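All of the numbers you see were taken from the coordinates with simple rules; none came from a lab. In this text the structure is predicted, and so the values were computed from the model without any measurement. We place every Cβ from the backbone using ideal geometry, glycine too, and count neighbours over all the protein chains shown.
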Amino acid sequence: MLRIPSILISVFLLGACSTMPSGPSILVLPGSNKNFDQFHNDDLSCRQLSHSQLASSQQSPDSKEEAQQNYDIVYIQCMYGKGHRVPVPGELSYDTQQEWHQPPPPNLPAPPQMRDAQ
């Protein structure tokens, strides 16, 4: 009789742990002035920070995808803070081509001056 509740508890605990990501899902490159050893050490510390932040969060993620996103956010912020190159979403890139406006004709009169209201 005691065996069934212990099986259910272990299944529940395994299911709760299944949302914890095993690592980042994004590619981070070493910073310009960083060697591989520095990058590797920073990667390990940022993975540990991401894992601990996700584990100690007050709200558990609703899905594996949400857990992975939260993990990646902490990891990216940590690696960026340590001087490494992180991905930037394409939506944030700015169009380098500026809109061109034709200049006004040379004989265009100046706009009328506003008088001070008294």
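Of note:
- Ranked packing of 70-77, 38-45, 51-58, most packed first, by mean Cβ within 10 Å: 70-77, 38-45, 51-58
- Once backbone amide H atoms are built at 1.01 Å from N, Arg85 has Leu29, Gly31 as its partners under 5 Å, excluding neighbours fewer than 5 places away on the same chain.
- The phi-based Karplus calculation (6.51 cos²θ - 1.76 cosθ + 1.60; θ = phi - 60°) puts the 3J(HN,Hα) values of segment 80-86 at 5, x, 8, x, 9, 8, 10 Hz, whole numbers, x for Gly and Pro.
- ³J(HN,Hα), Karplus 6.51/-1.76/1.60, whole Hz, each residue of segment 63-69, x for Gly, Pro: 8, 5, 5, 5, 4, 5, 5
- Electrostatic tally near Asn70: other residues with Cβ closer than 15 Å to its Cβ, Lys and Arg +1, Asp and Glu -1, net -2.
- Theoretical FRET efficiency, 1/(1+(r/R0)^6), r = Cβ-Cβ of Ser25 and Gln59, R0 30 Å, to 0.05: 0.90
- Here the Karplus curve 6.51 cos²θ - 1.76 cosθ + 1.60, taken at θ = phi - 60°, turns the phi angles of segment 38-55 into couplings of 5, 4, 4, 5, 5, 4, 5, 5, 6, 5, 5, 4, 4, 5, 5, 5, 5, 5 Hz, with x standing for Gly and Pro.
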